[in-house]
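The values are calculated or read from the model by the stated rules, or taken from the named source; none is laboratory data. The structure presented is a predicted model; accordingly, all values stated were derived computationally and were not measured. FYI the Cβ positions are ideal-geometry reconstructions off the backbone, even for glycines, and counts take in every protein chain you see.
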Amino acid sequence: MENKKKAYRWLKIIIILYCVTGSILYYLQEKLLFHPIPLSADSTYHFKQPFTEANIVVDAETTYDVVQFTVPDSLCKGIVIYFHGNRENINHYAEFAGNFTRNSYEVWMPDYPGFGKSTGRLSEQAMYDEALQVYKLARTKYKPEQIIIYGKSVGNGIAAQLASVRDCRKLIMETPYYSLTSLTRILFWMYPVDMLLHFKFPVHEYLTKVTAPISIIHGTKDRVTFYQNAERLRDVLKPTDEFITIEGGTHTDLNSFPLMQRKLDSLLHN
């Protein structure tokens, strides 16, 4: 009898923990997934390379802030629209603009709603809507064959979706994932994550609709967007697309690998 009571108590504890964890996953997933640092509209950026800012005003509550790292017009080959990861704001990612400006490409980095100076409600659809607005602004200056769409980490979901509905020269993906749902399922396999998640980013579905060349760059020791999860994207790539493996690369250090630098230079010269 005593053993049954103990088993019952443990069962209750397990059920409570299951429900509490599931509630956290459902109600706090935005805070778990995104770690923005907002900035006041009048704050000033201090970057080492030339830049301008553009504001895309959607409504009274929503403004998208885009930092545009420039190169001289006489040298400019085109533009890289860079969708960054889930941390802080453009300040955290500005150093990577040099990978492209040294190859004579402008780099436009939009901050997602709630990140940096961008305002509005953060949602998956809002991120897609912002990407489309940035693309439309780029099209006032550049032709599709001059536009490269780039995704880093969580930004790959936005980059892939944009490339699936708008023409571009290339889609380059750094540390992508099969889908956010599949990533979450690895950690929370015991939950119906399809029902719980507000952010799903089905990258694999979008890539089947991308007609531009796709290049994926991923490290074998990535413990955030696991290499094995990203490898599943091979099944939806075109024969002319490529999956570049960086042995020993993690989620945050690919930029330090010579192979990464050589590959980016090659992609931007072709």
Quiz prompt | Residue check, T70 touching a residue at least 12 places away in the same chain (Cβ under 8 Å), under 18 Å from T140 (Cα atoms) and loosely packed, with under 14 Cβ neighbours inside 10 Å | solution = no
Self-check item: Any pair with Cβ under 6 angstrom, 6 or more apart, that starts in segment 88-103 at a residue that is crowded, with 18+ Cβ neighbours inside 10 Å and ends at one that is part of a helix (DSSP H, G or I) and charged (D, E, K, R)
Solution: none
Self-check item: All positions within segment 134-155 that are crowded, with 17+ Cβ neighbours inside 10 Å and not in a strand (DSSP E or B)
Solution: V134, Y135, L137, A138, Y142, Q146, S153, V154, G155
Self-check item: Test result for R139, among the basic types (K, R) and more than 24 Å from F96 (Cα to Cα)
Solution: no
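So in segment 213-251, with the set limited to residues that are polar (S, T, N, Q) and in contact (Cβ under 8 Å) with a residue 24 or more places away in the chain, which one is surrounded by the most Cβ atoms within 10 Å (Cβ to Cβ)? Steps first, answer last, please.
Going through segment 213-251, the residues polar (S, T, N, Q) turn out to be 215, 220, 225, 228-229, 240, 245, 250.
Next cut, in contact (Cβ under 8 Å) with a residue 24 or more places away in the chain only: 215, 220, 225, 229, 240, 245, 250.
Details: S215: 20, T220: 14, T225: 22, N229: 19, T240: 7, T245: 14, T250: 16.
Here the residue is T225.
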Practice problem: Report, by residue number, each residue of segment 135-175 that is in contact with a His (Cβ under 9 Å, 6 or more places away or on another chain) and either of a type in the set (A, V, I, L, M, F, W, C) or not assigned by TED's automatic domain parsing to the domain that holds F201 (or both). | Solution: V154, A160, M173
